[in-house]
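The values are calculated or read from the model by the stated rules, or taken from the named source; none is laboratory data. The shown structure was predicted, so the numbers you read here are calculated from the model rather than taken from an experiment. Don't worry about glycine lacking a Cβ; one is built from the backbone with ideal geometry, like all the others, and counts go over all protein chains shown.
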Amino acid sequence: MKKWMESLARGRLLRPERSGAEEDALMRQVDALFGILSEMYGADKLVLRASKLEILPMMRSSKLEERVLALQKLVYQDPGNRAVPMRHEVADILHEVEEELANVLARRMVEDKVEKLVADKMQERHEEYMQEIRAQVLKDSSGPENAQTLKRLALLEKMGTVSLARSAMEVLRPQRLGEVIGQERAVKAMLAKLASPYPQHILCYGPPGVGKTTAARLSFQAAKERGVSAFTKGAPFVEVDGTTLRWDPREVTNPLLGSVHDPIYQGARRDLADTGIPEPKLGLVSDAHGGVLFIDEIGEMDPMLLNKLLKVLEDKKVSFESAYYDAHDGNVPQWIKKIFEEGAPADFILVGATTRDPGEINPALRSRCAEVFFEPLTPVDVMAIVEHAAERLHVQLEPGVAGLIAEYTIEGRKAVNLLSDAYGLCLFQGVQEGAPVQVRRDHLLEVLQTARLSPYVTKKAVHKGEVGRVFGLGVIGFVGSVLEIEAVAFPVSGEGKGNVRFNDTAGSMAKDSVFNASSVFRLLSGQELSSYDVHVNVIGGGNIDGPSAGAAIFLAMYSAVLDVPLLQDVAVTGEVSLRGQMKAVGGIFEKIFGARQAGIRRVIIPKENTKDVPAGLTGIEVIPVETVAEALALIQVPSAAVADAS
């Protein structure tokens, strides 16, 4: 293009300044312009253009005017009827043609430059597009995997091939209801409430390690097999620990009831976030729909979350809300619309377990649930659990091992763990090849010493009489305990100068019981207690929160002052009125089991508590009485026996 512009400039320089050479100069100028056109279009195309314009003869003419006309038509692309210019017009026409040709050449230069830039850009975009296509093809053909992801997958698969032996609790956990030892009454109650066309919500109370969770799971499985049950064969059993459930006031997350993940801040699923749709996340209550939701340690739940759970129990569904939800948005999937407008189904039976006292549980929850109390395990129960566990572990027990474990715990779980520890120690010390594995007492004693455990029952009943010593009964949580109460008395020289002392740590109600006992002592013996210095003590410094030790305190004082021996395998509980009546007290069930653990053969209780004595009780005698005088007759050593001893 630059060459054409230079040729055009040379053509202009050919224009003569004197008229004598004008004809030849103009002809050369015309030839130069034709040459430029020939270079621009090519000789063949130039001839074709001339043929279409019917000017080919004029291009070859020897007359300057005709050639100028042909040049004019070629440059302007004008096939019109132009007249042959006059001689004096030729110079001006050539000047106009040169200007027009210069414009055409300039325009073509710009167009060529732009076309080159466009071509370069197109080539660049084409290459980028081809790279994207190649990457997409590779992605489609290879999937989401690469060298790093495949390496991690191989590592996970390798880890999956390595496994340790199952824990002792997995091996020894009961697999059938018949293997749940010591809870026959509680299991029967649970089955009656679950295996029904109208199952009930249940609260299970009891000390830890007695089988509440296992009993709930196995009772549910047994209930599904009953023809009258409301549960289907595939009904779920969803288990969660209440201590891990917390209520988030921002409602960002709620694993129990469910929550909504908003598309902007909380990261809803990508296909929903792209269209601005909130994603509801269903909780455990919906997972348990049609089955059982078991919440262990339900007494530890956040009160606000528990109240929300009660609302779900009433409605049998969970409601969801979100500021991002638009019911008129056509992009909202039907399942999300159904959840927001109708709620998520949550029709389940709640089974909660707790080690707390019923008085500490939310009253609204208690009013909705049937209550089942699990009994503390007796030494006989613990021994049976240990022996059953030994069979599962395929080990032999040296005589006395099961009984020794029963002295150190009342929990079935703890008993199994102690046996497992002793079993591991036995294997560590070595077992002869082919010989059976036997857990000996020395194995267990070493485990007990390492764990710094002390005997659970320290007070042992004996069949003998002692003066000024008696066993009372108390309750700690769901476990009964034996209180060892003693008294000593010394006559004073001056009349009415005696006094009664009692532990300050025992509590104000126990002190009131002492004062009541002083009045009853005068009523029964006819003597003034003020004639003696009497000191009453609760061995171990226990705090007696209630009047139930009144009868035991009176008997200890009576025995000490009048030198009356009392049987040491009999325990007594009951409040004493000023007239010597035995009044009802609480915790009879637990107290009886606590007494049986300590080897007590007879328990004396107020007659008003007769209804609280468990049916089918074995291994201990329970005698209801109306007055403390009746209790005294039952607990004091018969006079004939005292005479024989002397």
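Values computed for the structure shown
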quantity	calculated
Total residues in segment 316-335, condition loosely packed, with under 12 Cβ neighbours inside 10 Å and either charged (D, E, K, R) or within 20 Å of the chain's Cα centre (by Cα) (or both)	1
Selection count where residues are within 18 Å of Pro174 (Cβ to Cβ) and in a helix (DSSP H, G or I), scope segment 365-391	12
Gly267 being more than 24 Å from Thr355 (Cα to Cα) and at pLDDT 90 or above	no
Segment 107-134 residues that are part of a helix (DSSP H, G or I), paired with ones that are not polar (S, T, N, Q) (beta carbon under 7 Å, 6 or more apart)	Arg108/Met1; Met109/Met1; Asp112/Met1
In segment 197-221, the residues that are surrounded by fewer than 21 Cβ atoms within 10 Å (Cβ to Cβ) and more than 22 Å from the chain's Cα centre (by Cα)	Pro197, Tyr198, Pro199, Gln200, Pro207, Gln221
Residue satisfying all of: in segment 483-527; among the acidic types (Asp, Glu) and modelled with pLDDT of 80 or more; surrounded by the fewest Cβ atoms within 10 Å (Cβ to Cβ) among these	Glu486
Residue pairs meeting the criteria (Cβ under 6 Å; at least 6 apart or on separate chains; first free of Cβ contacts under 8 Å to residues at least 24 places away in the same chain, in segment 28-45; second outside any loop (DSSP other than H, G, I, E, B))	Ser38/Leu46
Scan of segment 270-297 for residues that are of a type outside the set (Gly, Ala, Ser), modelled with pLDDT under 90 and assigned to a loop (DSSP other than H, G, I, E, B), ordered by number	Asp274, Thr275, Ile277, Pro278
Candidates Phe471, Phe478 - the one that is among the aromatic types (Phe, Trp, Tyr) and touching a Pro at 6+ places or on another chain (Cβ under 6 Å)	Phe478
Meets criteria (out of contact with any Asp or Glu (no Cβ under 9 Å at 6 or more places or on another chain) and either closer than 29 Å to Ala389 by Cα or touching a residue at least 60 places away in the same chain (Cβ under 8 Å) (or both)) for Leu444	no
Criterion violated by Ser61 - all others in (1) modelled with pLDDT under 80; (2) not in a helix (DSSP H, G or I) satisfied	(1)
Of all residues in segment 608-618 being loosely packed, with under 15 Cβ neighbours inside 10 Å and among the polar types (S, T, N, Q), the one that is modelled with the highest pLDDT	Thr610
Residue that is under 25 Å from the mean Cα position of the chain (by Cα), within 30 Å of Arg440 (Cα to Cα) and either crowded, with 19+ Cβ neighbours inside 10 Å or not hydrophobic (A, V, I, L, M, F, W, C) (or both), where the choices are Arg368, Arg413, Arg356	Arg413
Positions within segment 475-495 being among the small types (Gly, Ala, Ser), over 17 Å from Val536 (Cα atoms) and either in contact (Cβ under 8 Å) with a residue 12 or more places away in the chain or touching a Gly at 6+ places or on another chain (Cβ under 7 Å) (or both), in sequence order	Gly477, Gly480, Ser481
Strands (runs of 3 or more DSSP E) (entirely within segment 528-623) containing at least 3 residues that are under 29 Å from Ala406 (Cβ atoms)	570-572, 602-606
Answer from Ala353, Ala364, Ala415, Ala327 - the residue that is farther than 22 Å from Thr253 by Cα and outside the structural domain of Gln200 (by TED's automatic domain parsing)	Ala415
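Residues checked against (1) over 25 Å from Ser196 (Cβ atoms); (2) in a helix (DSSP H, G or I); (3) in contact (Cβ under 8 Å) with a residue 40 or more places away in the chain; (4) in contact with a strand residue (DSSP E or B) (Cβ under 9 Å, 6 or more places away or on another chain):
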{"residue": "Ala327", "(1), (2), (3), (4)": "yes, no, no, no"}
{"residue": "Gly330", "(1), (2), (3), (4)": "yes, no, no, no"}
{"residue": "Ile336", "(1), (2), (3), (4)": "yes, yes, yes, yes"}
{"residue": "Asp347", "(1), (2), (3), (4)": "no, no, yes, yes"}
{"residue": "Ala353", "(1), (2), (3), (4)": "no, no, yes, yes"}
{"residue": "Gly359", "(1), (2), (3), (4)": "yes, yes, no, no"}
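Yes/no matrix, rows are residues, columns are (1) surrounded by fewer than 23 Cβ atoms within 10 Å (Cβ to Cβ); (2) under 56 Å from the mean Cα position of the chain (by Cα); (3) touching a residue at least 60 places away in the same chain (Cβ under 8 Å):
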position	(1), (2), (3)
Ile588	no, yes, no
Ala595	no, yes, yes
Arg602	yes, yes, no
Pro606	no, yes, no
Ile620	yes, yes, no
Ile623	yes, yes, no
